[in-house]
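Written out below as structure tokens is the structure these notes cover.
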Amino acid sequence: MRVSDPRDLYYVAVKIFLVHEGKLFIFKDKFGDWDLPGGRIQKHEFDTPLEEVLKRKIMEEVGGSVRYKLGKPVVFFRHERAEASKNGELVRIFGVGYEGKLTGGEVSMSELHLQSEWVDIATFEPEKYFTGGWLKGVREYLELKRGGSNVNIRC
């Protein structure tokens, strides 16, 4: 009797929680989903530092004039979605969410993004925008920023 392989396959995405004056930057993509700047690692970027992958994605999505100070990864999350480029096939994405602070430049969204907002971290209700794993990740980030972290450390 053969046992099926219990392992799962994931894409890996790096995201930035880009903050400026107490507000978080979010945008809506051409598929109607709200998102954070960043995205998936490409095949040729296997050995590329995650911070460099994120730099590429930020340039593509919010423009080359944006300057930011990148912090450490603060949130890790998993998301499942129907992939438009794979005829609606469900894919799973493991996300690494970095903290980031806008230090200058102008946000200029790519043609893949339809709308953007700077939302107040103190009052933002992410369930009105996000779904699935992205929602869980944004909630966790907001909890950390609002001081309500209930982190359990297990050894």
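Just a few scattered comments:
- Flag if residue 91 is in contact with a Ser or Thr (Cβ under 8 Å, 6 or more places away or on another chain) and either in contact (Cβ under 8 Å) with a residue 60 or more places away in the chain or assigned to a helix (DSSP H, G or I) (or both): no
- Only one entry of 107, 91 meets the criterion of being touching a strand residue (DSSP E or B) at 6+ places or on another chain (Cβ under 8 Å) and within 15 Å of residue 37 (Cβ to Cβ), and that entry is 107.
- Matching residues in segment 1-32 - criterion: being touching a helix residue (DSSP H, G or I) at 6+ places or on another chain (Cβ under 8 Å) and either over 18 Å from residue 70 (Cα atoms) or not hydrophobic (A, V, I, L, M, F, W, C) (or both): 15, 27, 31
- When residues of segment 114-134 are limited to those that are in a helix (DSSP H, G or I), of a type outside the set (Phe, Trp, Tyr) and crowded, with 17+ Cβ neighbours inside 10 Å, the one nearest to the chain's Cα centre (by Cα): 133
- Residue ranges of strands (runs of 3 or more DSSP E) in segment 1-80 with at least 3 members in contact (Cβ under 8 Å) with a residue 40 or more places away in the chain and out of contact with any His (no Cβ under 6 Å at 6 or more places or on another chain): 11-20, 23-29
- Unmet criterion (only one of (1) within 17 Å of residue 58 (Cβ to Cβ); (2) small (Gly, Ala, Ser); (3) surrounded by fewer than 17 Cβ atoms within 10 Å (Cβ to Cβ)) for residue 95: (3)
Readers should treat all values here as calculations from the given coordinates under stated rules, not as data from a laboratory. Note that the structure is predicted; figures quoted are calculated from it, not measured. Here the Cβ is made from the backbone with ideal geometry for all residues, glycine too, and neighbour counts use every protein chain on show.
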